[in-house]
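Visitor: What follows is a structure written as structure tokens; I'll ask about it next.
The values are calculated or read from the model by the stated rules, or taken from the named source; none is laboratory data. If you're wondering where the values come from, they're calculated on a predicted model, not measured in any experiment. Every residue, glycine as well, gets a Cβ built from its backbone with ideal geometry; the counts of neighbours run over all protein chains shown. We work out accessible area using only protein heavy atoms, side chains counted, and drop any ligands, DNA or RNA first. Shrake-Rupley method; radii C 1.70, N 1.55, O 1.52, S 1.80 Å.
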Amino acid sequence: MKKTNIQMLLGLNYPRFMEYLGWLLDHGLVADTVDEDKTERIILTPKGIDSYQKLVIWLKETLDGVRI
């Protein structure tokens, strides 16, 4: 996705979004790519996909039975 689209979906201001994005990039969870039409996009890396899946499992186990 484009950076702006992610930022808008999250509802963060741009400086805070860039701070979080920098952390994700530094930890190898996402990558900054350029596609064939020269559009910059952010993608999940294999490490990011694995981390996401582990987080979902942990949340399901931890919040089992909790009503939200």
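Visitor: Identify all residues within segment 2-19 that are free of Cβ contacts under 8 Å to residues at least 40 places away in the same chain, exposed (fewer than 13 other Cβ atoms within 10 Å of the Cβ) and not in a helix (DSSP H, G or I); write none if there are none.
Guide: Selection gives Gly11, Asn13.
Visitor: Right, here's the next one. Going by the conditions given, is Lys54 open to solvent by 100 Å² or more (accessible area, probe 1.4 Å), at pLDDT below 95, assigned to a helix (DSSP H, G or I) and not acidic (Asp, Glu)?
Guide: no
Visitor: Please determine whether any residue of segment 38-47 is open to solvent by 100 Å² or more (accessible area, probe 1.4 Å), over 10 Å from the mean Cα position of the chain (by Cα) and on the phi > 0 side of the Ramachandran plot.
Guide: Yes, the conditions are met somewhere in segment 38-47.
Visitor: Related question: Would you pick out the residues in segment 25-37 that are at pLDDT below 95 and open to solvent by less than 90 Å² (accessible area, probe 1.4 Å)?
Guide: Correct list: Asp35 only.
Visitor: Please state which one of Gly22, Gly65 is of a type in the set (Gly, Ala, Ser), at pLDDT below 95 and open to solvent by less than 90 Å² (accessible area, probe 1.4 Å).
Guide: Among Gly22, Gly65, only Gly65 is of a type in the set (Gly, Ala, Ser), at pLDDT below 95 and open to solvent by less than 90 Å² (accessible area, probe 1.4 Å).
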